[in-house]
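Below: the structure, in structure tokens.
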């Protein structure tokens, strides 16, 4: 049986994997990043663009570090992340 991912973006942010809530998604920045990738799922995003978009007041290197940390947190929080996100060295895209 395939894993089920349910994400609620309207109202309170909620995410469930196989009917189990993922309480670890309490970071507004992480929620925003995931929501952005879902809402712009037809686009392959460069890491540079996402880093600047989510950390505009940071230096380029700090923004990219922040993005790497957010992706690391996503990998640790979302089971089977490779089913949903295509994370490459230079780009990130929503698979579904």
Looking at residue 50 and the list (1) modelled with pLDDT of 95 or more; (2) surrounded by fewer than 16 Cβ atoms within 10 Å (Cβ to Cβ), which single condition is not satisfied?
(2)
Tally time: how many residues in region 28-43 are within 14 Å of residue 78 (Cβ to Cβ) and either free of Cβ contacts under 8 Å to residues at least 40 places away in the same chain or over 11 Å from the mean Cα position of the chain (by Cα) (or both)?
2
Residue 23 vs. criteria surrounded by fewer than 16 Cβ atoms within 10 Å (Cβ to Cβ) and more than 11 Å from the chain's Cα centre (by Cα):
yes
Do we find that residue 90 is exposed (fewer than 14 other Cβ atoms within 10 Å of the Cβ), in contact (Cβ under 8 Å) with a residue 40 or more places away in the chain and farther than 23 Å from residue 23 by Cα in this structure?
yes
Please give the number of the condition residue 84 fails out of (1) exposed (fewer than 13 other Cβ atoms within 10 Å of the Cβ); (2) modelled with pLDDT under 95.
(1)
What is the one condition in (1) in contact with a strand residue (DSSP E or B) (Cβ under 7 Å, 6 or more places away or on another chain); (2) surrounded by fewer than 11 Cβ atoms within 10 Å (Cβ to Cβ) that residue 71 does not satisfy?
(2)
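The values are calculated or read from the model by the stated rules, or taken from the named source; none is laboratory data. On a predicted model such as this, the values are computed, not experimentally measured, just so you know. Because the Cβ atoms are built from the backbone with ideal geometry, glycine has one as well, and the counts that use them run over all protein chains shown.
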